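Read through the structure below, which is laid out as structure tokens, and then see the notes.
Please treat every number below as a calculation from the coordinates, not as lab data. These numbers were taken from a predicted model, which means no experiment stands behind them. Heads up, the Cβs are rebuilt from the backbone with ideal geometry, glycines too, and the neighbour counts pull from every protein chain shown.
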């Protein structure tokens, strides 16, 4: 009898891939006889290489090595040589659809994600808006596995043991040892789209208030773009409590280790919310044009920590790409720093 070996396909951005981790872990734990191979972009290796003994990772650069139809055909031949017994498409876009078509033609059992687009359209409609919680990405992924004969109960806490990642692997002169009296707070103030970014001037007020409330705290800043680095470096120069972690650490694996020791992470509806969720760190998330009802809340996060205000136009976008129909981004501008700080303080109290 052919050994069971499932291929899971999910390319896309880092946050979307991070959301597959609780599902893949649960599948691996509940079906220990099943071999699992995750196909994704190379950056995702850090999520899966030590996740479970029966989980493997396959990186594919779909923009260079496997670009276009010719590249996808080469990738399919490489995949077919693995002799999978089932294929789970967690992405359902042109590239994964083409691979799925090839596997279908070869009579493989194949299933793909339902993105529930109709419900999301009603959620973001400009009229007759229907504010209804959509199935989460985690549930959507699990539904694909169930269709292939692998129903799961999602049971995941962290990619690290309960004590967190090994701080000794980080630069000691930058991070050092966490003192018992210190609060370690992460702040990731950026996102891919303007509709998801809290105004920088207001985020600086959040930092000021946190330092006033906790003079011994350490605030670790996360963000990698050129403009982002300039802002974070400016804060790190201005405030002794602030450290630009993304500039000091070497890549995603080290950032995840540090995140696992934070008392709280402050993030937008962005990848850092999902990265902190993978290491069991509570997240105070700030939502503007988007909404948790779309199904993209971080795994295991407290819904009360989603900082948002009610506006008739919210949410106007699933991914935050659309320009503001009002022109003023009131959904973000009208969130006070005090509201964010209050949620941070409530989370810190729970950590004591």
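Adding -39500 (n - 2.57) for every DSSP H run of four residues or longer, then dividing by how many residues the chain holds, sets the calculated 222 nm ellipticity at -10500 deg cm²/dmol.
Taken over the C-alpha atoms, segment 183-232 has Rg and Dmax values of 11.5, 33 angstrom. Note on segment 116-155 and segment 256-270: Cα centroid distance 25 Å, given to the nearest whole angstrom.
Taken over segment 207-273, the convex hull of the Cα atoms encloses 96 Å³ per residue.
What the Cβ-Cβ distance of residue 64 and residue 238 gives, at R0 = 30 Å and to the nearest 0.05, is a FRET efficiency of 0.15. Rg and Dmax over the alpha-carbon atoms of segment 111-176 stand at 19.8, 56 Å. Set the Cα radius of gyration of segment 53-167 against 2.2 N^0.38 Å, with N its number of residues, and you get 1.34. The packing ranking, built from the mean of other Cβ atoms within 10 Å per residue, places the peptides 57-63, 262-268 in the order 262-268, 57-63, highest first. With respect to the chain, whose longest principal axis is taken over its alpha-carbon atoms, helix 200-213 is tilted by about 60°.
Between residue 97 and residue 49, full extension at 0.36 nm per residue minus the direct alpha carbon distance yields a gain of 14.7 nm. With the convex hull drawn around the C-alpha atoms of the chain, the volume per residue stands at 146 Å³.
When each of the peptides 240-253, 36-49, 167-180, 99-112 is scored by how many other beta carbons lie within 10 Å of its residues on average, the order from highest to lowest is 36-49, 240-253, 99-112, 167-180. At the listed q of 0.12 Å⁻¹, the Debye profile of segment 1-99, built from one uniform point per Cα, gives log10 I(q)/I(0) equal to -0.36. Helix 137-147 and the longest principal axis of the C-alpha atoms of the chain enclose an angle of approximately 20°.
How tilted is helix 337-351 with respect to the longest principal axis of the chain? Cα atoms for both, answer in degrees (0 to 90, nearest 10). That helix lies at roughly 70 degrees to the long axis. The equivalent ellipsoid that matches the C-alpha gyration tensor of segment 169-351 spans semi-axes of 26, 17, 16 angstrom, in descending order. A compact globular protein would have a Cα radius of gyration near 2.2 N^0.38 Å; the ratio found for segment 4-62 is 1.01. Reported to the nearest whole Å, the Cα centre-to-centre distance from segment 320-352 to segment 55-82 is 41.
Listed by Cβ neighbour count within 10 Å, with the fewest neighbours leading, 273, 325, 203 appear as 325, 203, 273.
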